[in-house]
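Contents: one structure, followed by commentary.
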Amino acid sequence: MKSNYWRLGGSILAVLLFTLTGCGSTSNSGSNGTSTSGPVSIRTDHSKYMPTDNIQVSVINNLQTSIFAYDTRASCTILDLQMQVNGAWQATNVARCSLGRHAMRVEIPAGKTYSTTIQAGSPGISQASFPVGDYQFVLSYSTSATSLPQQNTTTIYSATFSVASSN
């Protein structure tokens with residue numbers, strides 16, 4: 001008799017867990033992320049966003065050495081944000097950094113991941129939304145801790161992702 005209660009309880013728990021995992025509220029449900037391949041790659045959590053969404057992005061360092069980049073890019077991170085305008089990629093200030101300080105070098109050790117959130121506007125200063133369109137992230141990095149910004153750098157691009165007014 002006790003084993004029947006355990007089975008019933010286990011079944012109810014399984015149904016409850018299955019139901020709860022489907023209850024997460026996000027405007028991007030069903031939208032897989034994007035990812036590039038290579039020794040250093042860029043991954044987003046979704047391929048499609050709403051104008052007011054935050055974008056979760058990761059840089060994965062698969063090199064055998066650390067990489068270095070500077071943090072005054074989009075949302076004060078190491079990533080630049082570009083938008084496609086009339087078929088050409090252009091820098092956008094929709095997620096500008098307003099730190100008011102010198103750039104700081106960020107190290108991503110070999111085999112590690114840098115994760116961050118990109119949001120429209122300037123954190124703590126102004127709120128905005130992303131214009132509808134296609135976007136990509138740009139990362140310029142160096143394998144030398146002593147390189148100056150934009151000197152001896154490698155530049156990579158994320159896969160394209162979009163901002164749309166509805167799913």
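Quick look at the values:
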| quantity | calculated |
| --- | --- |
| Count of residues meeting criterion [charged (D, E, K, R) and surrounded by fewer than 13 Cβ atoms within 10 Å (Cβ to Cβ)] in the range 72-106 | 1 |
| Qualifying residue in the range 57-77 (condition: within 15 Å of residue 137 (Cβ to Cβ), among the hydrophobic types (A, V, I, L, M, F, W, C) and either at pLDDT below 90 or assigned to a helix (DSSP H, G or I) (or both)) | yes |
| Residue, farthest from residue 74 (Cα to Cα), within the range 101-156, restricted to residues that are in a strand (DSSP E or B), modelled with pLDDT of 85 or more and small (Gly, Ala, Ser) | 142 |
| Unique match (being hydroxyl-bearing (Ser, Thr, Tyr) and either assigned to a helix (DSSP H, G or I) or at pLDDT 95 or above (or both)) among 3, 25, 31, 37 | 3 |
| Residue that is farthest from the chain's Cα centre (by Cα), among those in the range 81-99 that are outside any strand (DSSP E or B) and within 15 Å of residue 160 (Cβ to Cβ) | 87 |
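The values are calculated or read from the model by the stated rules, or taken from the named source; none is laboratory data. This one's a predicted model, so the numbers in the text were calculated from it and none came from an experiment. All Cβ positions, glycine included, derive from the backbone under ideal geometry; neighbour counts span all protein chains shown.
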